[in-house]
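Data block below; observations after.
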Amino acid sequence: MSFGRLITAMVTPFDEQLNINWETTGRLIDYLIDVQKSDSLVISGTTGESPTLTDDEKVELFRFAVKHAAGRCKIIAGTGSNETAHSVQLTKKAEEAGVDGVLLVTPYYNRPTQEGIYQHFRTIAEATSLPVILYNVPSRTVVSMSSETTLRLAQIPNIVATKECASLGQMTEIISGAPEGFILYSGDDAVTLPTLSVGGYGIISVASHVVGAKMKQLIEAYLEGRVHDAKTINEECYPFFNGLFNCPHPVPNPVAVKYALTLRGLPVGGVRLPLVDVNEAEASYLQKLINV
């Protein structure tokens with residue numbers, strides 16, 4: 001199964017009481033498919049505020065997204081956690097909800113060994129028939145999955161891809177050693193083009209909420225051999241790649257992108273504690289970035 005080259009890690013829209021806003025969720029799905037050209041959507045990933053969503057909310061989101069997308073794009077469920085049994089249970093519920101695949105983050109906080117990471121992912125993958133995308137994001141989880149562990153997991157038939165936020169060197173090691181059909185996505189918007197240059201397949205993106213169509217053009221230009229055009233588009237997109245995480249100083253995702261969407265006419269609401277909404281300086285920065 002192909003999830004395409006541009007995948008958006010979708011925010012979860014909330015109302016004023018910070019409950020899920022289902023009407024806006026539907027509008028956002030349409031917008032990401034029709035306007036921003038997303039091939040797939042990750043539902044309840046980190047950008048979707050998975051740490052503060054209940055399991056019931058996650059499963060309801062999975063069902064809603066599958067029904068609303070209606071085959072127009074693939075739906076990938078974020079079902080990873082730092083408890084293997086819990087991830088197995090949520091993955092099974094996601095499969096029942098009809099999703100097309102799952103994204104599993106490396107276990108955070110409890111700092112497993114490489115063998116523990118391997119056994120964690122293997123156990124979840126063997127509990128489902130869904131395609132699995134691994135997710136290595138050391139800045140958030142403290143642990144980093146090695147290229148050797150990733151390649152070992154790539155031998156498991158339904159583990160089909162990895163989302164990497166490690167170095168280009170580690171990406172290159174994975175790409176060069178991967179079995180046929182196993183693909184690598186960048187998890188960092190700012191290195192989309194460099195990732196493609198070392199053989200990566202695409203991007204699981206945050207910035208695609210606001211510059212997805214441009215990012216699709218960037219990818220297509222590079223694949224067609226129009227490297228200069230890709231470079232130019234990358235330079236146009238870079239202020240968004242940087243600004244949605246540094247506005248003008250580091251802010252936790254998805255605080256900035258939620259405000260940016262509101263500026264674009266999609267009021268997706270605020271964020272749940274312990275995250276807090278943008279302050280006055282951050283709002284001013286983002287208003288200039290979005291040009292409103």
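The values are calculated or read from the model by the stated rules, or taken from the named source; none is laboratory data. Remember, predicted model here, so these are calculated numbers, not experimental data. Note that each Cβ is placed from the backbone with ideal geometry, even for glycine, and that neighbours are counted across all protein chains shown. These accessible areas exclude ligands, DNA and RNA; they are computed on the full protein's heavy atoms, side chains included. Shrake-Rupley method; radii C 1.70, N 1.55, O 1.52, S 1.80 Å.
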Report summary line: Residues whose modelled amide H sits under 5 Å from the amide H of N246, counting only those 5 or more places away in sequence or on another chain, are V251
Query raised in the report: So which lysines can K214 reach, going by Cα to Cα under 17 Å and dropping same-chain residues fewer than 8 places off?
Result: K37, K231
Report task. Kindly state, to the nearest 0.05, the FRET efficiency for E148 paired with H86, given R0 = 35 Å and r defined as their beta-carbon distance. Result -> 0.85
Query - Kirkwood-based Rg to Rh ratio, region 6-230, C-alpha trace - result: 0.95
Query raised in the report: Where does the chain land at 222 nm, in deg cm²/dmol rounded to the nearest 500, when only DSSP H runs of n ≥ 4 count, each adding -39500 (n - 2.57), divided by all residues?
Result: -14000 deg cm²/dmol
Report summary line: For the chain, the per residue accessible area (1.4 Å probe, Å²) is 42 Å²
**Report entry** Selection of GluC sites (Glu not before Pro), region 13-119, meeting DSSP coil and at most 16 other Cβ within 10 Å
**Finding:** E16, E83
Query - FRET efficiency, E235 to S176 (Cβ-Cβ, R0 41 Å, nearest 0.05) - result: 0.90
Query raised in the report: So, in Å, what gap is there between the alpha-carbon centers of region 197-222 and region 78-102?
Result: 27 Å
Query raised in the report: Carbon and sulfur: what percent of the chain's accessible surface (1.4 Å probe)?
Result: 52 percent
Requested in this report: May I ask you to compute the full-extension gain from I156 to H249, defined as 0.36 nm times their residue separation minus their alpha-carbon distance, rounded to one decimal in nm?
Outcome: 29.4 nm
Query raised in the report: What is the spin-label model distance, in nm, from E224 to V276 if the labels are put 7 Å beyond Cα along the C-beta direction?
Result: 4.7 nm
